[in-house]
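Accompanying notes for the structure given below.
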Amino acid sequence: MTARPTSSNDKLMMDLLLSLDLATDRDTRDLGARLAHMLQAGDCVALRGNLGAGKTTLARGLICAFLGVDTEVPSPTFTLVQRYQPDLDNQPSAPELLHFDLYRLEDPEDIWELGWEELDEVISLVEWPDKAGPHLSPGCLDIEIIIMGDQRRANLSASLASNWKSRLNDL
Ligand SMILES: Nc1ncnc2c1ncn2[C@@H]1O[C@H](COP(=O)(O)OP(=O)(O)OP(=O)(O)O)[C@@H](O)[C@H]1O
Ligand SMILES: [Mg+2]
């Protein structure tokens, strides 16, 4: 039998890489903005946490930094996916970004109607990632936001087979 690292999350075989306290909603947005600068095509960020944990808040900070403007970022609660084009004048080789909220996805197979086959070419942010079932990539950066009173904690995990551990040194 192979021994598992003690910090691994049994459900996903993820290892906890970083735990950050987020005192205010500004801190949650800032974490998203810092992540935006290290993401590249093919990266998937899975955003977990209870209703109202702050997943969309983090996505908003990330998307505004990605676009380079402080713009309105709607929650894809009903559309299930929202698509963002980079400013190609300033970042000619930047990929598109897809922001998913899969809470209302009834069947994992329905995900193919949302552009899921493009995930290797785009940056993806996925709220309620478990709804993707077997289609969620094991290479995702997993961010779980935990409600702690009126504050939050973000636990960043990834498979040790991925390169997220070294990439997060730049966070
Ligand atoms: N670090 C924080 N401290 C306190 N409040 C926060 C923090 N981060 C986010 N919030 C607040 O949490 C609330 C819910 O945020 P948000 O809509 O982002 O949650 P969500 O996880 O996307 O919810 P849902 O599951 O419904 O999609 C917002 O009012 C936001 O301002
Ligand atoms: Mg949300």
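Each reported figure results from applying straightforward, stated rules to the coordinates on display, with no laboratory input. What you are looking at is a predicted structure, and each value in this text was computed from that prediction instead of being measured. For neighbour counting, all protein chains shown are included, and Cβ atoms are generated from backbone atoms with ideal geometry for every residue, glycine included.
Amide H neighbours of residue 122 under 5 Å, at least 5 residues apart or on other chains, H built in the peptide plane: list them.
42
Could you work out how far apart the two model spin labels at residue 106 and residue 135 are, taking each label as a point 7 Å from the Cα in the direction of the beta carbon, and quote it in nm?
Here the answer is 1.5 nm between the modelled labels.
Taking R0 as 22 Å, what's the FRET efficiency between residue 120 and residue 71 from their Cβ-Cβ distance, rounded to 0.05?
The pair residue 120/residue 71 has a calculated efficiency of 0.25.
Applying the Karplus parametrisation 6.51 cos²θ - 1.76 cosθ + 1.60 with θ = phi - 60° to the phi angles of the range 110-118, what ³J(HN,Hα) value in whole Hz is obtained for each residue in order, glycine and proline being reported as x?
Calculated HN-Hα couplings, in order: 5, 5, 5, 7, 9, x, 4, 5, 8 Hz.
Could you list, by residue number, the cysteines of the chain that have no other cysteine's beta carbon within less than 4.7 Å of their beta carbon?
For the chain, the answer is 64, because their Cβ atoms have no other cysteine Cβ under 4.7 Å.
Taking the Cβ of each residue in 20, 136 as the centre, tally the other Cβ atoms inside 10 Å and list the residues starting with the fewest.
20, 136
Name the residue farthest towards the positive end of the dipole of the chain from the options 151, 71, 112, assuming +1 on Cβ of Lys and Arg, -1 on Cβ of Asp and Glu, about the Cα centre.
Among 151, 71, 112, the one farthest towards the positive end of the dipole of the chain is 151.
How high is the relative contact order of the range 18-170, given as a whole-number percent (alpha carbon pairs under 8 Å, six or more residues apart)?
Computed over the range 18-170, the figure is 32 percent.
Rounded to the nearest 5, what % of the DSSP beta bridges within the range 48-142 are antiparallel ones?
Taking every DSSP beta bridge with both residues in the range 48-142, the antiparallel ones total about 45 percent.
Residue by residue through the range 53-64, what is 3J(HN,Hα) from phi via Karplus (6.51 cos²θ - 1.76 cosθ + 1.60, θ = phi - 60°)? Round to whole Hz and write x for glycine and proline.
With coefficients 6.51, -1.76 and 1.60, one gets 5, x, 4, 5, 4, 5, 4, 4, x, 5, 5, 4 Hz.
What is the ratio of the Cα radius of gyration of the range 4-161 to 2.2 N^0.38 Å, with N the residue count, to two decimals?
So the Cα radius of gyration is 1.00 times the expected 2.2 N^0.38 Å.
Among 165, 55, 131, which comes first, then next, by fewest other beta-carbon atoms within 10 Å?
Neighbour counts put them in this order, fewest first: 165, 131, 55.
Rank these for me by crowding, 107, 101, 30, going from fewest to most other beta carbons within 10 Å.
107, 30, 101
Using 0.36 nm per residue, how much length does the chain from residue 161 to residue 51 gain when fully extended, once their Cα-Cα distance is taken away?
Residue separation times 0.36 nm, minus the Cα-Cα distance, leaves 36.6 nm.
So how much slack lies between residue 148 and residue 113, counting 0.36 nm per residue of separation and subtracting their Cα-Cα distance, in nm? Before the final figure, lay out each step's value.
Details: separation 35, 0.36 × 35 = 12.60 nm, distance 3.59 nm.
9.0 nm is the gain from fully extending residue 148 to residue 113.
Between 155, 90, 50, which gets the highest mean-square fluctuation from a Gaussian network model of the chain, Cα cutoff 10 Å?
Comparing 155, 90, 50 in the GNM, the peak value goes to 90.
For the residue pair residue 19 and residue 87, what label-to-label distance in nm results when each label sits 7 Å from Cα along the Cα-to-beta-carbon direction?
3.8 nm
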